[in-house]
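Some notes on the structure that comes next.
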Amino acid sequence: MRRIVLALQFLTRLPLPAVRAGEADFAGAILWFPLAGAAVGGAAGLGWWLGLRSGDGWIAALAGLAAWTAVTGALHLDGLGDVADGAGAAHKSAGADRERISAVMADPHVGSFAVVAIVLQLTAKLVLLHALRPGQVWALLLVPVLARMAPLAWTLLLPPLHEGLGSLFRKAVQWRHVILWGGAALVLALAVAPPLLALFAAVPFWAWWLRSRIGGISGDGHGAGIEVTETALLAALVLIR
């Protein structure tokens, strides 16, 4: 139970009681990220569904996006911005090493790459939420759940970029956890919305991109990957009929 609460505290802004926890508990919280995704999906889905009551699809999209962003505290958007700045630094300075990229990503200032990435991400989610059909509310609820299964795989597929969440989570995750959650993702996607099987393409793609452009995984890399995966799943729901 402690690790479930920690997972919710990591990934949401829900008011939860403080819990005593050691390093092993913090590391093990990643195993319960999908349950935190259920809370995020519930908030986003409820906002979108309530917005639909107005009869205007754009209001529904905006309400869903606002609830989605509020419940996470824009945590993953911050990671997306940091990764965009890090990738930009690597592109502008050929051969940039991990220390240079890590320093750029840790800089609290927001660069132009981050601004562009965050704006495009919010715009993409808004447009895709508008394009969803009313009957896809259950699929929408699943999008944040499936996206938060992905960090378990990235933790094992990628080397830590530096000491931090990326290296901490590696102490708790084993391939059996990835297989169990992957099996759950397969069953849920087939039962609710087969286009959500796009998860199995989005996860390795993000691992490949991070390795080639950033060099490894970090907390920012996990957050950015969750955002990218969510958008990929929304796009699959809209484009695959």
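The values are calculated or read from the model by the stated rules, or taken from the named source; none is laboratory data. Note that the structure is a prediction, hence the values are computed from the model and not measured. Because the Cβ atoms are built from the backbone with ideal geometry, glycine has one as well, and the counts that use them run over all protein chains shown. In case anyone asks, the SASA skips ligands and DNA or RNA and just uses the protein heavy atoms, side chains included. Shrake-Rupley method; radii C 1.70, N 1.55, O 1.52, S 1.80 Å.
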Could you sort HIS162, HIS222 by accessible area so the largest value comes first, with the probe set to 1.4 Å? HIS162, HIS222
Of the candidates LEU146, HIS130, ALA207, the farthest towards the positive dipole end of the stretch 104-224 (Lys/Arg Cβ +1, Asp/Glu Cβ -1, centred on the Cα centre) is LEU146
Taking the Cα centre of the chain as the origin, how large is its charge dipole in debye, to the nearest 20, when only Lys and Arg (+1) and Asp and Glu (-1) carry charge on their Cβ atoms? 540 debye
Measure of exposure for VAL145: accessible area at 1.4 Å probe, Å² rounded to 10, is 20 Å²
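Could you look at the chain and say what percent of its accessible area is carbon and sulfur, using a 1.4 Å probe and all protein chains? Display every interim value, and only then the final one.
Values: 7560 of 11090 Å².
The computed percentage sits at 68.
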If I fit a long axis through the Cα atoms of helix 219-239 and take the longest principal axis of the Cα atoms of the chain, what angle between them do I get, 0 to 90°, rounded to 10? 30 degrees
How do 128-134, 180-186, 212-218 rank on mean C-beta neighbours within 10 Å, highest first? 212-218, 128-134, 180-186
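Which whole number of Å³ per residue matches the convex hull of the alpha-carbon atoms in the stretch 110-241? Don't jump to the answer; show the numbers that get you there.
On the way: hull volume 13.5 nm³, N = 132.
Enclosed volume per residue, from the Cα hull, is 102 Å³.
Per 0.36 nm of contour for each residue apart, how much would the distance between PHE200 and VAL19 grow if the chain were fully extended, relative to their Cα-Cα spacing? Kindly include the intermediate steps, with their values, before the conclusion.
On the way: separation 181, 0.36 × 181 = 65.16 nm, distance 3.41 nm.
Here the answer is 61.7 nm.
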Skip the ligands, DNA and RNA, and give the accessible area per residue of the chain with a 1.4 Å probe, whole Å². 46 Å²
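For the chain, what is the mean residue ellipticity at 222 nm derived from helices alone (per DSSP H run of n ≥ 4: -39500 (n - 2.57); sum divided by total residues; nearest 500 deg cm²/dmol)? Don't skip to the end; give the middle numbers.
On the way: 13 runs with 178 residues, N = 241.
Counting only the DSSP helices, I get -23500 deg cm²/dmol.
Could you put VAL192, VAL40, VAL187 in order of accessible surface area, largest first, with the 1.4 Å probe and the full protein assembly present? Please list the in-between numbers first.
Values: VAL192 65, VAL40 0, VAL187 95 Å².
Reading off the accessible areas and sorting them downward yields VAL187, VAL192, VAL40.
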Using a Gaussian network for the chain with springs between C-alpha atoms less than 10 Å apart, which of these wobbles most: THR69, THR123, THR229? THR123
Within a Gaussian network of the chain (alpha carbon springs, distance under 10 Å), most fluctuating of LEU157, LEU126, LEU140: LEU157
